[in-house]
Structures are given as C-alpha cells and as structure tokens.
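> Here you go, one structure.
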Amino acid sequence: MSDLMEFDLSRVSVRELNRYLHADLPGSGVDRVRISNPNGLHSLAVGLDCEVEIEIAGHAGYFIAGMNKLANVTVEGNVGWSVGENMMSGEVIVRGHASESAGASARGGLLVIDGNASSRCGISLKGGRVVVAGDVGHFSAFMAQAGTMVVCGNAGANLGDSLYEAVLYVGGAIDSLGADAREEPLEASDVELLKGLLGEAGVEANAENFRRVASSRSLYHWNSEAHQEY
Amino acid sequence: MNDRSPDDRQLPGPPSDLAGGPEPQEPSASFDSDVMAYIRRATQCGLYDIRGMGAKRRLPTFDDLVFLTASASRYPLEGYREQCSSRTVLGARFASRPIELDIPITIAGMSFGSLSASAKDALGRAASAMGTSTTTGDGGMTPEERESSKTLVYQCLPSRYGFNPDDLRAADAIEIVLGQGAKPGGGGMLLGQKVSSRVAGMRTLPEGIDQRSACRHPDWTGPDDLAIKIEELREITDWEKPIYVKMGATRVVDDVKLAVKAGADVVVIDGMQGGTAATQQVFIEHTGIPTLAALPLAVEALEEMDMVEDVGLIISGGIRTGADVAKALALGADAVSIGQAALIALGCNNRCYHDAAEGWVDVEDDYRQLGATPGCCHHCHTGLCPVGITTQDQHLEQRLHPETAAGWVRNYLQVVNMEVTTLARACGKSDVHHLEREDLAALTIEAAAMARVPLAGTSWVPGR
C-alpha cells in the first residue's frame, strides 16, 4: 500500500510545495503526491530528485517538472511553456496540450504529450525522449543535439532546423524541414524503436507509418557558402 | 611685361596617365592600410574574421577619469595603517544565502572548452585564495573547478551545454546569461579544433564539429518569461542562491530595469571591451557601448527604480587595474568582473611559459606559426595557445601549471585590491564601497559626458 500526500494549491504556496518535495519527501515513505487546484501556476514540481508519483490535477503553467530527475509527474490538463525542460530522467506525462518549448534541452527521461504541442517542441534536445500524440508547431527540435522525438500527428514548418544527432519520427505531414534536416528511410531498427517508445508512452500508432528525419550533417563545420542556412 | 598666353605656359610633357598623375601621394583616411587589408583578405577567403579577446579600438575608458583625493576639504585615512574594508556582499535581495566576498573583484564566466582545464583550475585556486568567486561558462561545470573554487557562479546560457540540476544545486549563485559585451545579440562559438572528446561529451555534441551555440534561450522569450524562469530556478534551489542576470551593454537603462523587474538579485553589465574566446571581429569592434558609458546608465536605472540598495551591480569589460576597479565602484558598481586581465595574469601573450624542469621556455616561434607575436595575440579561437591557456590540446595544456599560475593570478588580484583600498583611503573612505561619483573628475569631454562627472577644472557635466 502506498502513502499519499495531498497539496491544495489554493491553500499552500508553490514554494511550500516544492520545499516539501525537495526536503521532506525523500526517505519519508510517501510515494504518491496529489496536487490539486494548480490553476495555471508555474514551476510546480521542479527540481525533483527522487522516485515518486506526482499527479497535478488540472491545468498548469510554465516549467512544470523542470529539471526533473527520477520522478514520474502526470498533469491532468494542459501546460504552459517548457514542460519538462532540462529533465534528466523519470517521466512527465501531459494528458492535455502543451504550449511552446515542451521538453526543451531535456537530457533524459520520457516526456509524453497526449494532445498537441506548440512551437519549438524538443528544442535543444540533449538526449531525452519526447512523444507527442498530436501535432507539433514550427521549429520543433530546433538544434536538437541528441535523443528522440516522436510526433504522431503533423509537424509545423522548419522541423529539425540545425539538427545534430537527435532523430525525429513523424506520423503525419511535415510542413517543411529546417536547415540541414533531411528525411531518411525508415529501417527495421527504427520501427522496433518506435514500437517500444510508443508502447512505453501508452500512445497508439502504427510504427510502420512514420517518417524518419535526421541531420544531413552538412552544417557541422563552418561553411561560408551556406550563407543564411545557419 | 608678361605677354605669354595661357597656352604658352603649358610645358611639353608626358600624358598624365603615364606620368603617374600630379596628385600628392597621401593614403586615404577612409581606406587606410587596415581597411585595404580587410578587403583583400575578404577577397581571398570569402569568410569574415574570427578572433578572441575584446575590442582593440581606442575608446573612452576609466583612464579618462581621475580621483579627487583628500586635502583640506576632505580628510584622508592613514594609507598604511587604517583599515579599509573591501568586503562585498552580492545577492541579498531574495536569496537566503547571498554571496560574501573579501574583495570586489570577481572572475568572469569563461568556459572549459574555451579555456583549458589547467586554466580553469588556476583561476579557481587564485580566486579562492583571495576570497572571491569564479564563474563557469558555456559548457557546464567541471568537477575540478567546483573543487578549486570556494565560491562558484554557475551560468545558465542559451545553449544549456552541460546544464544540469546537480551542478545547479552545487553552485553558490546562478548567472542567467542574456549576452556578453564582446557579442551582445550573438551566440557562442567554439571551433572544431577545441571540441575535444571531453568538451564534446560535456556539451552533447559530436567531437570536432564547429560548435556555434544559440543566442536565445530555448525555454523562455522576453522579459515577462524571464521573471518566470528566474522563479523556476529559485524554486529548484529553494530560494537559497542569488540569481545574476548578465547582459552585454547596449540599451542599458531599459535592459537593467527589465532584469530588475524580472527579479534579479544581481545585474551584470558587460561593456564592449569585454572579451571572448572566439567571435566575429565585426561583433567585437562594432557592437555595444564602452564600459565607461554603460555603468552610469545601469546606475541610473537602479536609481530610478529605487533599487540601488537592493540589487547588486557588477560591471565588466576591459577592467585591468586597481584604478579601474576603484573608479567603477565610485561610479556605483558593487563589484567588477575580470576576464582578459585574469588571462594575462595567467601568462596570456607571454613570450615564454614556465616549465618546472626547464624553467622559462621561449615560444615565440609558436606565436609566429599562428600569424601572431607575443603581446598582440588574439588567436584563442584556434586552440593553439602557445602558453596553454586557451587550448584543449593535451600537450599545449601542460604548459600551464595550475599551482604556479594560480600564484600569479593571486598576486595580481592582491595588487589590484591593494590599489583600490589605497585610493579609497586617500579619498577618506574606510570601505571601498563608500567611494562615490563626487570623488571623480574627467580628463576629456567624452568621459565627462559618459561618466557624468565634471570635466576636470570645471563644474561642467556635459548634458547636465
């Protein structure tokens, strides 16, 4: 049987919540935390560093679960900018839509967005895995360095602009590819990876219907002839 | 009587196109030899100049100010006997653990990657010995610099290379970098020859690529978002650590006000003389405003917001001497940051490096191979630093011995701080932070206008 701690943000401040999650929770035996009345508040459950299940019951603001390590955070609603930014490990699940820069600079862990994600989803990605069940906006995966981003719906303009070693998979239409991004054949190993990742994310989609996008690596080195390409 | 017609006065001679023309042979002021060399170079390689260090053009500087030390109307302190405090506290606005330093001179952010591990280590040791702080850079925190730096400021940069919550928690303060004086509005650059396996690993990049990092943060845009970002970093670190916001000096009044409104504990303004490990020369010489002009604008912004006592102000960009530091404090800074001067103290541009076994070793030939000479080198971007400071080459790096170099930097910092306290005592101050604008006069009209102090010998402040 698990121990549950509940926080009502109409009565408790964000600072008190986070201080509890950082200082009192580890080693306390509590393994589930339910946060009610988030009402668009920012910086909820940021900087976590222990294994715990956290449920945010409602819509939340910017930087939810920022820099997360180990914790599994689920938001039963929509989120503002930069959910799971710079996360290191654990899982962050958004049951609604996400605003801009979801998963920015994430280094590890899994970010799942059941709805759509706005522009710059997966920007500067550094090893994390992002699965979006819906669409993503323009300039998603901009300068993404490592990791995987799966978009089951459509991708906006300039997908993967200035990509490094991150790999993107898109199930729907791609408005346009950004500088140095190119479509590559979907290999059997990609399909296996996708099946596993979609299964882990709990998102249903046919892994064989995705398109793979990766860097053509033509801009890795200084090239004065590339003009405005970078 | 002169009865010659105009035609008679015309003497026979060769056509002017063969004679070379009658014009005097003067070089053009607009197209001087430097400009012509720039154009010729562009025609040959099709790529703009990239280099390290800061602006080299002549600019109004703190040298254009002098102190009005005590005489009959002011009472000096005994220069060699009475105490003059240089203790400096930064970040007390919101942070529960402000930074406390023994001297008002901090080491500016310089990355492992642009600098060798030995150089970072040496700076950390020297700063710790003098009771001041060092700062990480675009590439994250190395265990060595955390170990050697008693007080370490952790930069949060647009690239987020190496940025992680463990290091954030291990830091003593956090500096959100919006820009730097050498390239305000531009992103970082580390050419492939410096992207070693360790540097690449820390930055999650392929080894050997030309790393050009972002100039905008990936997870927020604009001052309203900056306020939320600062709040997030405070929440992650339980409101313990001071948060600095660093900006290149451009629209200083507006930028400082926005940073303060966003919740900064400390604002860092980096003037156009600020250095870099590598960027386009056109950036270094043609963007931003001089440090001397930037500082009074930052103070004005804080005064207008009634935040002088609450928000710390650090000025950087070409700070070299105790006189520079004292003048910066008199104009309203709480502290300064030094970068290039610290590198020179490490031995940058020295003709020799010091080897424990061989003594001083002449490396002038190594400078020549870079197309440079000792004293004029700005080839940090090449990674071939002859004295082992701005390199990732494991052989070159060994030319800088951290313990020896730390001693040089420590001595330099000590001299600078002694000069500051000496000047402060002569102005009758028992604390270097009591130096004030009234203690200064300007030697040039430009400096008087920028620093907003009277032109020497007058009570005239241009524009006032």
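The values are calculated or read from the model by the stated rules, or taken from the named source; none is laboratory data. Quantities reported herein were computed from a predicted structural model and do not represent experimental measurements. Reconstructed Cβ throughout: ideal geometry from the backbone, glycine too, with neighbour counts over all protein chains shown.
> List pairs: first in the stretch B:436-460 and farther than 16 Å from residue B:324 by Cα, second aromatic (Phe, Trp, Tyr) and crowded, with 17+ Cβ neighbours inside 10 Å, Cβ under 7 Å, 6+ apart or cross-chain?
none
> Of the residues A:118, A:89, A:101, which single one is surrounded by 24 or more Cβ atoms within 10 Å (Cβ to Cβ) and either without any contact (Cβ under 8 Å) to a residue 24 or more places away in the chain or under 22 Å from residue A:180 (Cα atoms) (or both)?
None of the others qualify; the one that does is A:101.
> Which ones in the stretch B:418-464 are under 25 Å from residue B:87 (Cα atoms) and of a type in the set (Gly, Ala, Ser)?
B:424, B:426, B:428, B:430, B:451
> Additional query: Can you name the condition, by its number, that residue B:128 falls short on among (1) at pLDDT 95 or above; (2) surrounded by 23 or more Cβ atoms within 10 Å (Cβ to Cβ); (3) of a type in the set (Ser, Thr, Tyr)?
Going through (1) at pLDDT 95 or above; (2) surrounded by 23 or more Cβ atoms within 10 Å (Cβ to Cβ); (3) of a type in the set (Ser, Thr, Tyr) one by one, residue B:128 breaks only (2).
> For residues in the stretch B:254-285 being in a helix (DSSP H, G or I), among the acidic types (Asp, Glu) and under 15 Å from residue B:299 (Cα atoms), which is farthest from the chain's Cα centre (by Cα)?
B:254
> Right, something else. Identify all residues within the stretch A:6-30 that are within 10 Å of chain B (Cβ to nearest Cβ) and within 20 Å of residue A:91 (Cα to Cα); write none if there are none.
A:17, A:18, A:21, A:22
> Among the residues that make up the stretch A:118-133, is at least one of them farther than 21 Å from residue A:161 by Cβ, of a type in the set (A, V, I, L, M) and touching a Lys or Arg at 6+ places or on another chain (Cβ under 8 Å)?
The answer is no; no qualifying residue exists.
Matching residues to (1) more than 21 Å from the chain's Cα centre (by Cα); (2) facing chain B (nearest Cβ under 10 Å); (3) farther than 22 Å from residue B:222 by Cβ; (4) among the basic types (Lys, Arg):
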residue	(1), (2), (3), (4)
A:32	yes, no, yes, yes
A:37	yes, no, yes, no
A:42	no, yes, no, no
A:47	no, yes, yes, no
A:77	no, no, yes, no
A:82	no, yes, no, no
A:95	no, no, yes, yes
A:100	no, yes, no, no
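> Within the stretch A:130-170, take every residue that is within 11 Å of chain B (Cβ to nearest Cβ) and part of a strand (DSSP E or B) and give me the one that is surrounded by the fewest Cβ atoms within 10 Å (Cβ to Cβ).
A:146
> Six or more apart or on different chains, Cβ under 8 Å: which pairs go from a residue in the stretch B:238-260 that's closer than 22 Å to residue B:100 by Cβ and within 14 Å of chain A (Cβ to nearest Cβ) to one that's polar (S, T, N, Q) and surrounded by 17 or more Cβ atoms within 10 Å (Cβ to Cβ)? Could you list them?
Correct list of pairs: B:238/A:18.
> Also: Is at least one residue of the stretch B:187-196 at the interface with another protein chain (Cβ under 9 Å from one of its Cβ atoms), more than 20 Å from the chain's Cα centre (by Cα) and either over 24 Å from residue B:118 (Cα atoms) or buried (at least 21 other Cβ atoms within 10 Å of the Cβ) (or both)?
no
> Is it the case that the stretch B:367-388 has a residue that's small (Gly, Ala, Ser), farther than 29 Å from residue B:243 by Cα and at pLDDT 95 or above?
no
> Could you check the stretch A:171-215 and list, in sequence order, the residues that are acidic (Asp, Glu) and either assigned to a helix (DSSP H, G or I) or more than 18 Å from the chain's Cα centre (by Cα) (or both)?
A:175, A:180, A:183, A:184, A:187, A:190, A:192, A:200, A:208 - these are the residues of the stretch A:171-215 that are acidic (Asp, Glu) and either assigned to a helix (DSSP H, G or I) or more than 18 Å from the chain's Cα centre (by Cα) (or both).
> Can you pull out every residue in the stretch B:197-220 that is on the phi < 0 side of the Ramachandran plot, of a type in the set (S, T, N, Q) and within 11 Å of chain A (Cβ to nearest Cβ)?
Those that are on the phi < 0 side of the Ramachandran plot, of a type in the set (S, T, N, Q) and within 11 Å of chain A (Cβ to nearest Cβ): B:211, B:213.
> Within the stretch A:50-66, is there a residue that is surrounded by fewer than 17 Cβ atoms within 10 Å (Cβ to Cβ) and of a type in the set (Ser, Thr, Tyr)?
no
> Return yes when residue A:211 is surrounded by fewer than 20 Cβ atoms within 10 Å (Cβ to Cβ), among the basic types (Lys, Arg), in contact with a strand residue (DSSP E or B) (Cβ under 8 Å, 6 or more places away or on another chain) and farther than 18 Å from residue A:125 by Cα and no when it is not.
Here the answer is yes, as residue A:211 does meet what is asked.
> Residues that are touching an Asp or Glu at 6+ places or on another chain (Cβ under 6 Å): find the strands (runs of 3 or more DSSP E) completely inside the stretch A:19-129 holding 2 or more of those.
Correct list: A:30-36, A:72-75.
> Could you say whether any residue in the stretch B:340-356 is under 22 Å from residue B:442 (Cα atoms), at pLDDT 95 or above and either outside any loop (DSSP other than H, G, I, E, B) or among the aromatic types (Phe, Trp, Tyr) (or both)?
no
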